[in-house]
Amino acid sequence: MSLIFTYFYNSDINPSYAGSAGDVLEDNPVGRLKVFVYELPSKYNKKILQKDPRCLTHMFAAEIFMHRFLLSSPVRTLNPDEADWFYTPVYTTCDLTPNGLPLPFKSPRMMRSAIQLISSNWPYWNRTEGADHFFIVPHDFGACFHYQEEKAIERGILPLLRRSTLVQTFGQRNHVCLKQGSITIPPYAPPQKMQAHLIPPDIPRSIFVYFRGLFYDVGNDPEGGYYARGARASVWENFKDNPLFDISTEHPSTYYEDMQRAIFCLCPLGWAPWSPRLVEAVIFGCVPVIIADDIVLPFADAIPWEEIGVFVAEEDVPSLDTILTSIPAEVILRKQRLLANPSMKQAMLFPQPAQPGDTFHQVLNGLARKLPHDQAIYMNPGRVRLNWTAGPVEDLKPW
């Protein structure tokens with residue numbers, strides 16, 4: 001194992017010969033679609049942000065930065081009659097607790113209110129019942145609007161959004177909170193903050209496996225076993241004393257630097273299957289070890305996740321040391337070369353200002369690939385498919 005530690009240097013990975021991320025990541029969406037941005041009263045977005053600026057830095061901030069990007073994007077059209085897509089800027093994850101966690105309980109009412117507004121003031125929603133509209137829903141379980149999976153499944157996707165395209169961080173196959181045709185995106189991670197913690201490329205990767213975070217959520221899961229479906233607890237119980245595993249609940253000031261010194265970075269599920277660790281691992285060239293059964297990863301049609309990461313089934317966590325130490329050095333090097341590709345990193349970021357190939361552009365590419373719309377999305381006069389009174393009674397209260 002010492003051979004691995006002395007072998008993998010950041011400087012071994014020269015971007016000039018780094019592996020290809022595929023041509024799709026470099027697609028330019030400009031000229032391939034036009035987006036109309038509804039102008040809503042500020043209570044749906046700007047005023048919410050003014051009330052709590054912390055929303056700009058938490059992992060759900062995609063809804064804010066996507067809105068800002070679209071306002072100045074060359075794909076924006078001011079003429080709704082020529083639009084391919086319609087975007088409704090609603091900040092549904094910006095109602096925060098004192099600890100900075102979003103409360104999604106008002107989100108369904110806020111979203112319903114916004115849809116009622118656009119359907120009353122413009123003709124475009126009613127024309128397709130939202131089938132040519134997209135919404136950013138970056139909460140734990142997307143448009144199911146609850147942070148506990150059991151409750152999210154019980155709620156299901158907000159009925160009024162069931163014909164729309166949802167752009168969301170949550171992705172899990174065969175799950176009621178991921179509808180067919182959704183676009184899965186990375187969570188927001190502050191680009192400038194990560195840039196400020198880059199270390200020299202000749203620093204060796206002397207940590208074999210790295211993880212910082214909760215193993216148990218005693219406050220919400222006092223008996224254990226439900227949080228992360230027991231996978232994080234299994235990591236701790238099996239490897240807390242293993243010298244190859246640098247794992248802890250403490251979050252040091254050198255967290256970003258440590259990831260750049262690690263070969264493998266664990267990316268286990270928590271309450272939801274996704275987390276910012278995936279973004280951080282890609283940015284810092286640390287091979288992501290994805291422990292989240294049936295996860296749907298960001299831009300899976302463009303990013304070769306199987307080639308850059310390692311997938312470990314939740315039930316196989318007790319064998320994690322054997323799995324990782326058995327990966328040949330040349331396989332690890334190839335993954336690192338792919339991770340060194342700048343287009344791979346760019347696709348995971350929300351930079352300000354936007355840059356070609358970034359997450360904003362990948363979302364637009366995803367929308368462009370859905371065009372042209374099938375004529376079947378257009379409603380016959382007088383026909384209604386969506387049930388405006390469906391859902392929990394509390395969702396029907398005015399917002």
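The values are calculated or read from the model by the stated rules, or taken from the named source; none is laboratory data. Since the structure is predicted, the reported quantities are computational estimates derived from the model, not experimental observations. Cβ atoms come from the backbone with ideal geometry, glycine included; neighbour counts cover every protein chain shown. Each accessible area value is taken on the protein alone, full model and side chains, heavy atoms only, with ligands, DNA and RNA left out. Shrake-Rupley method; radii C 1.70, N 1.55, O 1.52, S 1.80 Å.
With bins 10 Å wide beginning at 0, the percent of Cα pairs of the chain falling in each bin runs 5, 22, 32, 24, 13, 4, 0, 0. For the chain, relative contact order (Cα pairs under 8 Å, six or more residues apart, normalised by length) works out to 22 percent. Work out the P(r) tail for region 140-282: percent of alpha carbon pairs separated by more than 18 Å, whole number. Result: 63 percent of Cα pairs exceed 18 Å. Note that region 140-242 presents 44 Å² accessible area per residue, ligands and nucleic acids not counted, probe 1.4 Å. Look at the dipole of region 252-305 built from charges on Cβ: of Pro288, Pro276, Met259, the Cα furthest out on the positive end belongs to Met259. Taken one residue at a time, the phi angles of region 79-90 give Karplus couplings (6.51, -1.76, 1.60, θ = phi - 60°) of 10, x, 5, 9, 6, 8, 9, 10, 10, 10, x, 10 Hz. Gly and Pro are set to x. Centre-to-centre separation between the Cα atoms of region 47-104 and those of region 266-329: 28 Å. Dipole orientation for the chain: of the candidates Tyr210, Asn99, Ser73, Ser73 has the Cα lying most toward the positive pole (charges on Cβ; Lys, Arg +1; Asp, Glu -1). In this rough spin-label picture, where each label sits 7 Å from Cα along the Cβ direction, the Ser253-Ser326 distance is 4.2 nm. For the chain, the membrane-span-like helices by this rule, meaning whole DSSP H stretches whose C-alpha atoms cover at least 18 Å of axis and whose Kyte-Doolittle mean is -0.5 or above, are 107-121; this says nothing about an actual membrane. For GluC sites (Glu not before Pro), the sites in region 15-122 that DSSP calls loop and that have at most 16 other Cβ atoms within 10 Å are Glu39.
Loop exposure criterion: trypsin sites (Lys or Arg not before Pro), DSSP state outside H, G, I, E and B, at most 14 other Cβ atoms within 10 Å. Applied to the chain, the longest stretch between such sites is 1-172.
If you take the Cα centroid of region 105-139 and the Cα centroid of region 204-249, the two points sit 40 Å apart.
Considering only DSSP states other than H, G, I, E and B, which GluC sites (Glu not before Pro) in region 219-304 qualify as loop sites with at most 13 other Cβ atoms within 10 Å?
Passing sites in region 219-304 are Glu223, Glu250.
Of all DSSP-defined beta bridges confined to the chain, some 10% are antiparallel rather than parallel.
How many percent of the accessible area of the chain is carbon or sulfur, using a 1.4 Å probe? Roughly 52 percent of what the probe reaches on the chain is carbon or sulfur.
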